[in-house]
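Single-structure report; data block below.
Coordinate-derived values only; no laboratory data. These numbers were taken from a predicted model, which means no experiment stands behind them. As a convention, Cβ positions derive from the backbone with ideal geometry for all residues, glycine included, and neighbour counts pool all protein chains shown.
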Amino acid sequence: MTQLIECVPNFSEGSNMSIIKQITDEIEGVEGVKLLNVDPGKATNRTVVTFVGTPDAVVQAAFLAIKKAGELIDMSKHKGEHPRMGATDVCPLIPISNISMEETAKYAVKLGKMVGEKLNLPIYFYENAQPDKKRNNLSVIRNGEYEGFFKKIKLPEWKPDAGPAEFDAKRGATVIGARDFLVAYNVNLNTTSTRRANSIAFDVREAGRVMREGNPITGKIITNADGTPKSTPGTLKSVKAIGWYIEEYGIAQISMNLTNINITSVHKAFDEVCNKAHDRGIRVTGSELVGLIPLKSLLDAGKYFLKKQQRSIGVSEKELIKIAVKSMGLDELSPFKPEERIIEYQLRDKFDSKLVNMTLLEFADETASESPAPGGGSISAYMGSLGASLASMVANLSSHKKGWDDRWEEFSNYAEKGQYFKDELNKLVDLDTKAFNKIMIAFGLPKATDEEKKARTQAINDATKFAIEVPFKVMNLAHESMPLIKTMVEIGNPNSVTDAGVAALCARSAVIGAYMNVRINCTGYDDKTFVSKMIEEGKKIEQSAMKLEAEIIATVNTKIGI
């Protein structure tokens with residue numbers, strides 16, 4: 001399987017789009033890399049770029065981008081709100097798919113040595129690429145910033161990990177490392193005071209604030225026995241934060257790096273800043289993301305805010321994202337476009353969801369065309385999806401039914417299950433057509449030589465097995481949705497009992513239709529043991545689905561009473 005690494009270099013230029021474009025052109029010119037996001041900030045005079053690709057391609061693209069940034073950016077003239085020390089200030093590599101952190105760290109070291117040796121630039125390693133724990137923290141490395149590094153780099157303990165021990169007045173120095181996915185997140189305040197924003201930042205960040213005698217700002221620093229400052233930890237783990245004033249927006253912000261979103265999520269950070277701001281008489285007005293965010297973070301946030309309202313979380317992915325955006329005010333300063341800001345959406349192959357993204361009319365027209373796909377398999381998957389959708393609808397109506405307020409969470413859980421079946425079956429709508437196309441491609445392979453014939457036969461066999469497994473998965477999912485449908489008929493909103501009955505018809509039809517596809521595709525597969533197993537198991541699923549449907553319809557008829 002393909003290994004993927006994400007790279008998020010931060011360049012010390014946020015206004016000159018020509019310079020930024022020249023840098024990103026270098027990245028886009030490397031095969032095997034996809035540019036995902038470019039996020040310039042005028043006040044910070046900094047641009048965060050996100051791209052993803054295979055490890056060697058990412059290393060090459062990062063090298064070229066660092067080289068170009070050094071040519072175009074003059075750090076001796078740079079001013080900005082964000083801490084910085086180089087034209088390419090920091091360049092982290094992040095494991096995304098099928099690659100370990102240890103492997104990713106090796107690629108970070110490889111990149112650092114390339115930059116240090118070939119570009120003659122001071123390089124420091126951080127986080128997982130830095131074995132010395134005394135200097136693996138980015139803020140510790142960057143302390144003193146550009147202006148202080150002319151002296152700092154001469155200290156023996158701050159000799160660069162790669163490149164010369166001479167500070168480059170034009171390019172500065174660069175920090176390269178390997179880390180977990182980090183979310184850069186700013187919370188907007190209804191104040192212009194940097195000092196008050198910093199107070200809130202100290203309240204929440206893990207490092208907290210330095211302890212002082214008397215006056216918390218000007219008092220003498222209290223130290224430990226070894227002379228290091230004592231500190232009062234903040235309330236959020238795995239969070240770095242500072243307060244600053246953004247002239248571009250005319251407001252102060254809490255700027256946070258969430259270094260482990262499994263420990264402190266975006267929504268938890270937002271709520272905690274809201275609480276601490278309120279304690280200081282300040283209001284949070286919204287927030288903004290810098291760069292990209294994992295889909296799960298926004299889905300979790302949407303569920304969190306719905307639960308606080310005692311509303312069902314069994315709603316669509318789109319609705320969960322909308323709730324998250326509105327609850328945290330992610331669209332206060334600029335429009336929030338999920339397709340541009342969510343990493344999975346950037347990586348998603350649009351062809352893989354071609355059918356499910358069509359309108360109903362387009363889908364019907366495509367099905368009715370002379371093309372053999374989409375055919376019965378895709379329609380079966382879609383019928384199963386519609387059945388699960390109806391089950392979710394009944395659960396949501398039940399969750400919000402007047403007089404059933406104490407049961408909202410019970411039905412929310414049912415609705416969430418229905419959403420799962422709907423989403424998985426929707427994926428199979430396109431996958432079934434893809435399976436058919438794979439068979440057609442395999443049959444079109446050359447067969448002039450014995451070697452070509454052998455390769456063609458193997459490709460046909462592999463494609464046929466795939467074309468059996470996809471409708472079999474449709475069968476399983478549609479069948480698994482039927483107990484949920486039955487429950488909705490039995491205990492759901494009585495006004496929607498016939499909707500749940502139609503859901504059962506859809507699910508049963510999906511099972512029977514998909515089983516037809518399993519059987520016809522089995523006729524072209526060589527492994528008879530596999531074929532026998534699929535036919536036998538499929539028959540059991542079909543019989544069970546028909547039995548469940550009969551029970552559900554009988555209950556519906558009893559409840560209707562006509």
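To make sure I understand, if each residue's beta carbon is the centre and we count other beta carbons within 10 Å, what order do Asp25, Asp168 fall in, fewest to most?
Asp25, Asp168
Could you work out Rg/(2.2 N^0.38 Å) for segment 183-343, with Rg from alpha carbons only? Intermediate results must be reported in sequence, preceding the final value.
Numbers: Rg = 17.0 Å, N = 161, 2.2 N^0.38 = 15.2 Å.
Taking N as the residue count of segment 183-343, the ratio is 1.12.
Would you mind counting up the charge near Ile221? Only other residues with Cβ under 15 Å from its Cβ, with Lys and Arg at +1 and Asp and Glu at -1.
With Lys, Arg at +1 and Asp, Glu at -1, the net is +2.
Sorting check: for 531-537, 17-23, 284-290, which peptide has the highest mean count of neighbouring beta carbons within 10 Å, and how do the rest follow? If you can, show how the numbers build up before the last one.
Details: 531-537: 14.6, 17-23: 16.1, 284-290: 21.4.
Order by mean packing, descending: 284-290, 17-23, 531-537.
With 10 angstrom as the radius, rank Val52, Val394 by how many other C-beta atoms surround their C-beta, starting from the fewest.
The most exposed by this proxy come first: Val52, Val394.
What fraction of the DSSP beta bridges in the chain is antiparallel, stated in percent and rounded to the nearest 5?
Percent antiparallel among DSSP bridges in the chain is about 80.
Where in the chain are the helices, taken as whole DSSP H runs, whose Cα atoms extend 18 angstrom or more along the long axis and whose Kyte-Doolittle mean reaches at least 0.0?
On the way: long enough: 55-72 (26 Å, 0.67); 101-118 (25 Å, -0.52); 266-279 (20 Å, -0.78); 295-308 (20 Å, -0.13); 376-399 (34 Å, 0.80); 408-443 (53 Å, -0.56); 450-491 (63 Å, -0.23); 497-522 (38 Å, 0.93); 528-560 (47 Å, -0.16).
Long hydrophobic helices here: 55-72, 376-399, 497-522.
How would you rank 293-306, 153-166, highest first, on the average number of other Cβ atoms within 10 Å across their residues?
Details: 293-306: 20.4, 153-166: 14.8.
With the highest mean Cβ count within 10 Å placed first, the list reads 293-306, 153-166.
Taking the alpha-carbon distance from Lys417 and a cut-off under 18 Å, which lysines remain once sequence neighbours fewer than 8 residues away in the same chain are dropped?
Lys296, Lys303, Lys307, Lys318, Lys427, Lys473, Lys486
Would you please report the Å³ per residue occupied by the convex hull of the alpha carbon atoms in segment 414-562?
Details: hull volume 14.8 nm³, N = 149.
Looking at segment 414-562, the number lands at 99 Å³ per residue.
If each DSSP helix of 4+ residues adds -39,500 (n - 2.57) and the sum is divided by the residues in the chain, what number results at 222 nm, nearest 500 deg cm²/dmol?
One gets -17500 deg cm²/dmol as the mean residue ellipticity at 222 nm.
Could you work out the equivalent-ellipsoid semi-axes for the chain, taking the square root of 5 times each eigenvalue of the Cα gyration tensor, largest first, in whole Å?
Three semi-axes, in Å: 52, 33, 19.
Mind jotting down a quarter of the surface of the convex hull over the alpha carbons of segment 30-99, in square nanometres, one decimal?
For the Cα atoms of segment 30-99, the hull's average projected area reads 5.1 nm².
Of the listed peptides 374-385, 139-150, what is their order by residue-averaged count of other C-beta atoms within 10 Å, with the highest listed first?
374-385, 139-150
Determine the shape class of segment 359-433: with a ≥ b ≥ c the square roots of the Cα gyration tensor eigenvalues, call it rounded for a/c under 1.5, and otherwise prolate if a/b is greater than b/c, oblate otherwise.
It comes out prolate by the Cα gyration axes.
Rounded to whole Å and ordered largest first, report the semi-axes of the equivalent ellipsoid of segment 4-178 derived from its Cα gyration tensor (root of 5λ).
22, 20, 13
Report the residues of segment 464-489 in range of a label on Met546: point 7 Å along Cα→C-beta, backbone N strictly under 18 Å from it.
The answer is 475-476, 478-480, 482, whose backbone nitrogens lie closer than 18 Å to the label point.
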